[in-house]
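Engineer: Okay, here's the structure, questions in a sec.
Read the figures in this text as sums done on the coordinates, not as results from a lab. Since the structure is predicted, the reported quantities are computational estimates derived from the model, not experimental observations.
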Amino acid sequence: MGEAAEMAENRSKRVTLALDKETESDVFTLMKAWGILFVVAGHTMIPSIHDFVYLFHLAVFYFIAGYFFKDKYTGEKWNYFLKRVKRLWLPLAGYGVVFLLLHNLFFRLHIYSPEYDHLYTAPDYLLGIRSLLTLNTYAGNLLGALWFIQSLFFVSLLFLGCLWLAQKISTKHSEIVFASLIVLLTILSHSVLYGRITAVSNLLGNIVERDFAILPILYAGRLCRRWREHIPLHWAWLLVTFGVLVFAQLAGIKLFIGGIRHTPLAQLPLLYLVSLTGCYCTLLLSFLSLRIGKRNFLFTIGKYTLEIMALHFLAFKIVSLIQIGVYGYDIERLADFPVISERIALWAIPYVLAGVLLPLGWVWLREQGLRIWRTHRPSFAGIDDRDHRTQ
């Protein structure tokens with residue numbers, strides 16, 4: 001009887017998000033991998049795929065940022081800021097500078113269209129540098145996807161600021177104050193400040209009109225971590241959430257995080273509901289992927305999502321060039337953005353493969369170069385640097 005009761009108890013146990021640290025880390029690495037695959041697939045502009053993944057694909061990354069946010073950061077504000085600078089702003093500025101310097105080369109190679117662009121002169125370069133220094137993305141469309149990195153940088157700091165202020169207002173009820181601040185800022189950004197701030201400053205307008213309204217996604221990620229022992233990880237929920245997303249697409253819902261600043265206030269709850277459904281669906285998909293194969297190629301993709309985000313539009317041009325050769329298109333079609341739309345159903349998979357594999361190839365070359373440099377770099381004044389590591 002005791003054995004039967006134990007078996008019944010085991011059957012009743014649910015697998016939840018309360019995982020050990022290694023498994024949890026693996027799940028969220030896979031979640032980032034699926035997220036960036038959705039981003040790249042969406043940019044092939046196949047209507048059915050585009051409309052589906054745009055319901056939630058970027059919300060996945062904001063959700064993960066909220067999940068791994070720690071309350072202790074309110075006491076380590078400067079360190080947190082420096083981490084955000086290192087992980088988000090420096091890569092944003094680095095890619096921006098490189099693409100800015102390559103702008104005229106890209107123009108001459110027909111990657112940029114004369115209809116929408118021109119050869120840069122010194123003032124254009126100075127304007128681009130100023131844009132990067134003020135945390136704006138370089139205007140070239142090949143880096144268009146990096147608006148998300150700028151947004152995540154500011155949303156993370158806003159999130160920290162809201163929690164710090166809530167704790168200052170009330171230690172005992174800080175959680176209630178925190179949630180109230182986020183709701184208030186979301187409403188203010190849409191009903192009071194909507195459209196007014198951008199006229200003064202485009203960057204400030206992005207922060208107020210877009211990033212304030214994204215705070216609830218991070219908050220949902222934070223709640224998910226706090227309640228993770230109640231978050232079931234079962235394949236049945238994957239089917240349910242996927243079904244909800246398909247229904248939302250068929251119903252013609254086209255609300256997405258990237259367009260949140262243009263979303264009417266009354267539709268924001270629906271946007272959050274659909275976005276978080278997609279986050280949960282992706283989380284479930286990641287957990288089940290982990291069970292299928294603990295260490296697979298998805299882990300590599302998940303580790304280098306920023307590189308894929310930055311370089312996949314440029315990688316698309318390789319496939320566009322092949323299409324031009326196969327079908328005899330004019331070389332000017334290389335500037336079609338983000339893809340050459342003709343026969344896209346046939347070429348979607350090559351675009352996705354190029355958008356993922358070519359950036360990973362660059363990562364591999366970079367890592368090999370760094371490894372060779374570390375191995376063969378000359379020591380300072382003939383003294384090995386390792387002699388001073390403990391000093």
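Engineer: Can you give me the P(r) profile for the chain? Cα pairs, bins 10 angstrom wide beginning at 0, each as a whole percent.
Structural biologist: P(r) for the chain, in whole percents per bin: 4, 19, 29, 26, 14, 6, 1, 0, 0.
Engineer: Anything over 18 Å Cα to Cα? Flag those among 21/86; 72/303; 32/317; 83/168; 72/172; 77/172, in the order listed.
Structural biologist: Values: 21/86 24 Å; 72/303 25 Å; 32/317 24 Å; 83/168 23 Å; 72/172 16 Å; 77/172 21 Å.
Pairs exceeding the cut-off: 21/86; 72/303; 32/317; 83/168; 77/172.
Engineer: Continuing with the same structure: Taking Cα centroids, how far is the stretch 315-358 from the stretch 208-255 in Å?
Structural biologist: The two parts, judged by their Cα centres, are 32 Å apart.
Engineer: If the elastic network links every pair of Cα atoms under 10 Å, which of 205, 75, 128 fluctuates the most in the Gaussian network model of the chain?
Structural biologist: Looking only at 205, 75, 128, the biggest GNM fluctuation is shown by 75.
Engineer: Where does helix 235-250 land angle-wise versus the long Cα axis of the chain, in degrees 0 to 90, nearest 10?
Structural biologist: Orientation of helix 235-250: about 50 degrees from the principal axis.
Engineer: What value, in deg cm²/dmol to 500, does the helix sum -39500 (n - 2.57) over DSSP H runs of n ≥ 4 give at 222 nm once divided by the residues of the chain? Provide the component values of the computation, followed by the final result.
Structural biologist: Details: 17 runs with 252 residues, N = 391.
When only DSSP H runs of four or more count, the value is -21000 deg cm²/dmol.
Engineer: Okay, moving on. Below 8 Å between Cα atoms, with a sequence gap of 6+, how large is the relative contact order for the chain in percent?
Structural biologist: Values: 439 pairs, mean separation 112.5, N = 391.
Here the relative contact order equals 29 percent.
Engineer: Hey, what D do you get for the stretch 69-153 in µm²/s if you plug the Kirkwood alpha-carbon radius into Stokes-Einstein at 37 °C and 0.692 mPa s? If you can, show how the numbers build up before the last one.
Structural biologist: Details: Rh = 14.2 Å.
Here the translational diffusion coefficient equals 231 µm²/s.
Engineer: Roughly what angle does helix 21-42 make with the longest principal axis of the chain, taking Cα atoms, 0 to 90 degrees, to the nearest 10?
Structural biologist: Tilt relative to the chain: about 50 degrees.
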